[in-house]
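In what follows, a structure is listed as structure tokens, so that the remarks can point back to it.
The values are calculated or read from the model by the stated rules, or taken from the named source; none is laboratory data. If you're wondering where the values come from, they're calculated on a predicted model, not measured in any experiment. So basically every Cβ, Gly included, is an ideal-geometry build from the backbone, and we count neighbours across all protein chains shown.
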Amino acid sequence: MRFIPLHTTNTAIVYKNSLCSFASLLVLAFIALSVMLPVLLVSLLSPYSGISESRVLYEQPNVAYNYQYIFDVPARLMHFDLVLFFDAHLQHKCDLSPPSVLAYQLQLPPSGRFRNGRIQLKGELQLKQYVEFTCPFPGRDIKTKFRPVHVETNASYADMSQYKIESLMAQIKANPAYFQLSIEETYYRPTSPRLNRLSIELELDVLQVPGRYHLSIWERLGQFWLYFASFFGISFYIVNKVKDFLFGRHIIRSWEIIPWKKLY
């Protein structure tokens with residue numbers, strides 16, 4: 001006849017020792033080891049575990065045309081330089097306003113007969129970024145700064161070289177980041193010569209752009225805590241098993257607390 005177990009119970013053995021004994025110091029060392037091991041593992045594996053100092057966030061910027069432009073037409077109308085300035089803002093983490101510009105040299109049709117009509121430009125907004133954006137957070141009030149484009153207009157003699165695309169783009173590229181309008185399609189629509197007018201239309205697609213942001217110390221601590229918690233569970237389990245083995249085999253000497261019920 002086979003017996004069926006009707007009741008089971010777990011027995012816990014409690015040990016005691018003096019505060020400065022070898023057993024107490026060894027238990028404290030095991031506790032410290034269970035904490036330090038996850039910290040060491042996260043630090044060693046941080047380049048491969050996703051813990052980084054920056055993060056890429058996608059955002060659709062707010063764009064508005066401020067009616068500032070530079071239109072350079074040469075004597076022979078074969079091409080001309082077009083520079084348009086915009087206002088664009090990123091507001092996902094903080095208000096950032098990188099310079100925004102369309103710098104484009106428009107080539108007219110090679111026939112040379114395009115004097116009247118409509119030129120249609122289609123493009124999209126792109127973010128050119130050199131360093132990560134920095135936003136304020138509790139404990140540090142620092143935000144990425146941008147330098148506006150400076151053109152001297154009040155002087156009696158204006159240096160015309162400052163209006164060239166190369167000079168303007170050199171000022172814009174000196175910033176940590178800037179928005180640039182990339183022209184993808186160009187259409188020429190001739191009209192009647194009697195109108196004697198050349199117009200330019202711009203159709204702009206404002207899509208989500210990737211921006212790299214410098215993570216605050218609190219965001220990095222949040223990432224670190226997720227990985228630390230996963231490693232700490234494993235480390236605590238292993239260290240606790242080693243400690244139980246040392247006490248169970250009496251490798252570490254200590255006094256066992258025996259309940260009074262076991263004595264009778």
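In the stretch 123-148, the residues that are over 13 Å from Ile217 (Cβ atoms) and among the β-branched types (Val, Ile, Thr) reach residues that are at pLDDT 90 or above and assigned to a loop (DSSP other than H, G, I, E, B) with C-beta atoms within less than 6 angstrom, at least six apart or across chains, in these pairs: Val131/Pro176; Thr144/Pro176. When the residues of the stretch 41-82 are filtered to those that are of a type in the set (A, V, I, L, M, F, W, C) and modelled with pLDDT of 80 or more, which remaining residue is nearest to Val131 (Cα to Cα)? Taking the candidates together, the pick is Val56. Exactly one residue out of Gln171, Gln129, Gln162 is in the same structural domain as Leu207 (by TED's automatic domain parsing), of a type outside the set (A, V, I, L, M), at pLDDT below 85 and at negative phi: that is Gln162. Would you check if Ala103 is crowded, with 16+ Cβ neighbours inside 10 Å, in contact with a helix residue (DSSP H, G or I) (Cβ under 6 Å, 6 or more places away or on another chain) and modelled with pLDDT of 80 or more? Yes, satisfied.
For the stretch 132-147, the tally of residues that are on the phi < 0 side of the Ramachandran plot, of a type outside the set (Asp, Glu) and surrounded by fewer than 16 Cβ atoms within 10 Å (Cβ to Cβ) stands at 8. Number of residues in the stretch 220-264 that are over 19 Å from Leu40 (Cα atoms), in a helix (DSSP H, G or I) and modelled with pLDDT under 75 equals 6. Residues of the stretch 204-216 that are over 16 Å from Leu90 (Cβ atoms) and loosely packed, with under 12 Cβ neighbours inside 10 Å: Asp205 alone. For Glu201, the test of being under 22 Å from Asp95 (Cα atoms) and acidic (Asp, Glu) is failed. For beta carbons closer than 7 Å, sequence separation of 6+ or different chains, a first residue in the stretch 16-43 that is under 29 Å from Arg220 (Cα atoms) and assigned to a helix (DSSP H, G or I) and a second that is among the β-branched types (Val, Ile, Thr) and modelled with pLDDT of 75 or more, the qualifying pairs are Phe30/Val239; Leu33/Val239; Ser34/Val239.
Considering Glu132, Glu184, Glu201, Glu166, which residue is among the acidic types (Asp, Glu), over 30 Å from Pro109 (Cβ atoms) and out of contact with any helix residue (DSSP H, G or I) (no Cβ under 8 Å at 6 or more places or on another chain)? Every option except Glu132 fails the conditions.
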